Number of protein chains: 2
Amino acid sequence: MTTVPDEEMFEQPCPIRDVLDRIGNQWSLLILEALAPGTLRFNALMREIGDISKQMLSRTLKQLEQDGFITRTLYPEVPPRVEYTLTPLGRSFLEPMQQLVVWADTHHGAIVAARTRYQALQE
Amino acid sequence: MTTVPDEEMFEQPCPIRDVLDRIGNQWSLLILEALAPGTLRFNALMREIGDISKQMLSRTLKQLEQDGFITRTLYPEVPPRVEYTLTPLGRSFLEPMQQLVVWADTHHGAIVAARTRYQALQE
């Protein structure tokens, strides 16, 4: 019963926290998903994602670029064109991310129900 | 190039945020992983996880119980015995969680390197 868990898995607990702190939010996930089919310009990303502000989109794109998930390419045209593309690193994240999104969508109702039950027990 | 992403996946962006806000931290993940082989008492969990404080372990266990990931069973013995066990919901989360942990472990170095490169370009 007290078998030691897979040590390999958690030798360094930092990476998972570091990754989730940066990209474990809806905007990052929505941007990565929107870029999955291919390169997009800023305004096209705005349209795809819908209810994101310009500021939040800019800030999240910058973080994703810093972390190596996307590239930003500026074409010095008039007006300047800026395009965003998933890197191989960003693309490799899509699969585990989608599994987690599917799990969350499937089980979110059960989590909310559990909270309600727990709350009822405290009253 | 501007194909609409899988609408199904992101009809409600809230669940993923709600799930990650609560369990997307190293302590929650370490506790779930420690309970994967079977039921554990509080002190055994302390030993398994290592550098967690009593307060942090208590608080995280309570959140996991509230959200329905684990059950807490009190045996009214002397001294009282308290045991923690994964629920089917908690167990169902192990697989997507482990995929994400493996991804983070594998690619964390690349993320750190990307940040260093980005930083260098700003200077």
Legend entry - Whichever lysines have a C-alpha closer than 16 Å to that of A:LYS54, once near sequence neighbours (fewer than 8 apart) are set aside: A:LYS62
Legend entry - Kirkwood hydrodynamic radius over Cα pairs of the range B:75-123, then Stokes diffusion coefficient at 25 °C and 0.890 mPa s, in µm²/s: 167 µm²/s
Legend entry - Proportion of all alpha-carbon pairs of the protein assembly as shown beyond 33 Å (%): 27 percent
Legend entry - Förster-model FRET efficiency, 30 Å R0, B:VAL102 and A:GLN55, C-beta, rounded to 0.05: 0.30
Legend entry - Beta carbon of chain B nearest to the axis of the rotation taking B to A, residue and angstrom distance: B:GLY24, 2
Legend entry - Residue among B:ILE23, B:ILE70, B:ILE49 with the largest mean-square fluctuation in a Gaussian network model of chain B, springs linking Cα atoms under 10 Å: B:ILE49
Inset, instruction - Before anything else, pin down the relative contact order of chain B: Cα pairs under 8 Å, at least 6 apart, normalised by residue count, whole percent. - result: 22 percent
Inset, instruction - Taking only Cα atoms and a 10 Å spring cutoff, compute GNM fluctuations for chain B and point out the largest among B:GLU77, B:GLU65, B:GLU33. - result: B:GLU77
Legend entry - Percent of alpha-carbon pairs separated by more than 16 Å within chain B: 70 percent
Inset, instruction - Please give the helix B:88-122 orientation as an angle from the longest Cα principal axis of chain B, in degrees from 0 to 90, rounded to the nearest 10. - result: 40 degrees
Inset, instruction - Note the distances from B:PRO80 to each other copy's matching label point, with points 7 Å along the Cα-to-beta-carbon direction, in nm, sorted shortest first. - result: 6.3
Inset, instruction - Along Cα→Cβ, 7 Å out, is where each label goes; now give me the distance between the ones at A:ALA44 and A:THR85 in nm to one decimal. - result: 1.2 nm
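Only the coordinates and a few stated rules stand behind these numbers; no lab work does. The structure displayed is predicted, hence computed values, not measured ones. Cβ sites come from the backbone with ideal geometry, for glycine too, and all protein chains shown count toward neighbours.
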